[in-house]
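K.L.:
Let me give you the structure first, and then I'll get to my questions.
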Amino acid sequence: MKHIRYIACLDQMYQSQGFPPYNWSEYDCSPWTPLEKSLSEACIALISSAGIFRDDQTPFDPWAVNDLSFREIPVDTPFERLRLNHNYFDHRDAVKDLNCVFPIHRLKELERSGVIGRLASKAMTLGMGRLYKRTALMQETVPKIVQILKEEGADAVLLLAA
């Protein structure tokens with residue numbers, strides 16, 4: 001298979017539309033924290049960037065730039081009450097089955113079968129896209145999410161990028 005130079009292609013596409021070159025983040029290392037218990041004992045939380053929100057929450061603005069907000073969604077929320085507002089991925093399949101981008105039903109199955117210890121009672125969702133304030137994301141949004149995950153007793157997080 002031929003290597004796809006995704007970042008170069010993306011830069012070229014946006015620069016052809018008059019945007020300046022994007023200042024991509026580069027990391028020389030990644031903080032690794034080994035899971036100190038088996039999955040069957042662990043509390044797993046879900047974070048999805050699919051723009052999912054509950055019908056009684058403020059929708060994500062699919063055209064927003066630098067939206068640092070997130071939504072807390074109780075995992076027992078019926079899927080009929082969930083909505084999706086996101087313009088930066090093809091969500092035709094997700095509309096048919098939200099488990100594509102918000103796999104609560106699959107995680108509950110794993111919990112019932114004992115593969116995971118338990119599912120955190122709250123999932124986090126973001127309406128990512130056109131987010132250029134990386135520092136604000138890391139200093140404002142991430143600490144709030146981390147605090148909620150700690151309160152939930154989460155040992156690990158399943159991150160779903162939409």
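K.L.:
Six or more apart or on different chains, Cβ atoms under 7 Å: show the pairs whose first residue is in segment 65-90 and farther than 24 Å from Leu119 by Cβ and at pLDDT 85 or above and whose second is in a loop (DSSP other than H, G, I, E, B) and of a type in the set (D, E, K, R).
P.N.:
Once the first residue is farther than 24 Å from Leu119 by Cβ and at pLDDT 85 or above and sits in segment 65-90, its partners that are in a loop (DSSP other than H, G, I, E, B) and of a type in the set (D, E, K, R) give Asn66/Lys133; Asp67/Asp61; Leu68/Lys133.
K.L.:
Output the residues belonging to segment 111-147 that are under 20 Å from Leu35 (Cβ atoms) and touching a Phe, Trp or Tyr at 6+ places or on another chain (Cβ under 9 Å).
P.N.:
Across segment 111-147, the qualifying residues are Ala123, Met124, Ile145.
K.L.:
Do you know which of the residues in segment 1-36 that are closer than 20 Å to Leu131 by Cα and among the charged types (D, E, K, R) is surrounded by the most Cβ atoms within 10 Å (Cβ to Cβ)? Lay out the reasoning, then the answer.
P.N.:
The first filter runs over segment 1-36 and keeps only residues closer than 20 Å to Leu131 by Cα, leaving 6-27.
Next, only the ones that are among the charged types (D, E, K, R) stay: 11, 26.
On the way: Asp11: 16, Glu26: 5.
Of everything passing the filter in segment 1-36, Asp11 is surrounded by the most Cβ atoms within 10 Å (Cβ to Cβ).
K.L.:
Also, I was wondering about something else. For segment 32-63, give me the residue count where each residue is out of contact with any Ser or Thr (no Cβ under 7 Å at 6 or more places or on another chain), within 13 Å of Leu126 (Cα to Cα) and of a type in the set (Val, Ile, Thr).
P.N.:
So the count comes out to 2.
K.L.:
If you don't mind, there's one more thing I want to ask. Would segment 120-138 turn up any residue that is of a type in the set (D, E, K, R), within 29 Å of Asp11 (Cβ to Cβ) and touching a helix residue (DSSP H, G or I) at 6+ places or on another chain (Cβ under 6 Å)?
P.N.:
Checking segment 120-138: not a single residue is of a type in the set (D, E, K, R), within 29 Å of Asp11 (Cβ to Cβ) and touching a helix residue (DSSP H, G or I) at 6+ places or on another chain (Cβ under 6 Å).
K.L.:
Now, a different point. Among the residues of segment 90-136, how many are buried (at least 17 other Cβ atoms within 10 Å of the Cβ) and over 28 Å from Glu41 (Cα atoms)?
P.N.:
Number satisfying all stated conditions: 6.
K.L.:
Can you tell me which residue among Leu39, Leu46 is in contact with a helix residue (DSSP H, G or I) (Cβ under 8 Å, 6 or more places away or on another chain) and not β-branched (Val, Ile, Thr)? Break it down stepwise before answering.
P.N.:
On the way: Leu39 fails: in contact with a helix residue (DSSP H, G or I) (Cβ under 8 Å, 6 or more places away or on another chain).
Criteria check complete, one pass: Leu46.
K.L.:
Going by the structure shown, is Thr77 among the β-branched types (Val, Ile, Thr), farther than 23 Å from Leu35 by Cα and over 15 Å from the mean Cα position of the chain (by Cα)?
P.N.:
yes
K.L.:
Is it the case that some residue within segment 64-79 is under 20 Å from Ser121 (Cα atoms), hydroxyl-bearing (Ser, Thr, Tyr) and surrounded by 10 or more Cβ atoms within 10 Å (Cβ to Cβ)? Write out each step before concluding.
P.N.:
Restricting attention to segment 64-79, the residues satisfying the condition of being under 20 Å from Ser121 (Cα atoms) are 69-79.
Keeping just the survivors that are hydroxyl-bearing (Ser, Thr, Tyr) gives 69, 77.
Filter once more, keeping what is surrounded by 10 or more Cβ atoms within 10 Å (Cβ to Cβ): 69, 77.
Yes: one or more hits.
K.L.:
Select from segment 33-64 the residues that are more than 20 Å from Leu137 (Cα to Cα) and aliphatic (A, V, I, L, M) and write down the one among them that is modelled with the lowest pLDDT.
P.N.:
Taking the candidates together, the pick is Leu35.
K.L.:
Is there a residue in segment 9-32 that is closer than 24 Å to Glu151 by Cα, in a loop (DSSP other than H, G, I, E, B) and among the charged types (D, E, K, R)?
P.N.:
No, every residue in segment 9-32 fails to be closer than 24 Å to Glu151 by Cα, in a loop (DSSP other than H, G, I, E, B) and among the charged types (D, E, K, R).
The values are calculated or read from the model by the stated rules, or taken from the named source; none is laboratory data. Quick caveat, the model's predicted, so the values are computed rather than measured. Note: ideal-geometry Cβ built from the backbone for every residue, glycine included; neighbour counts use all protein chains shown.
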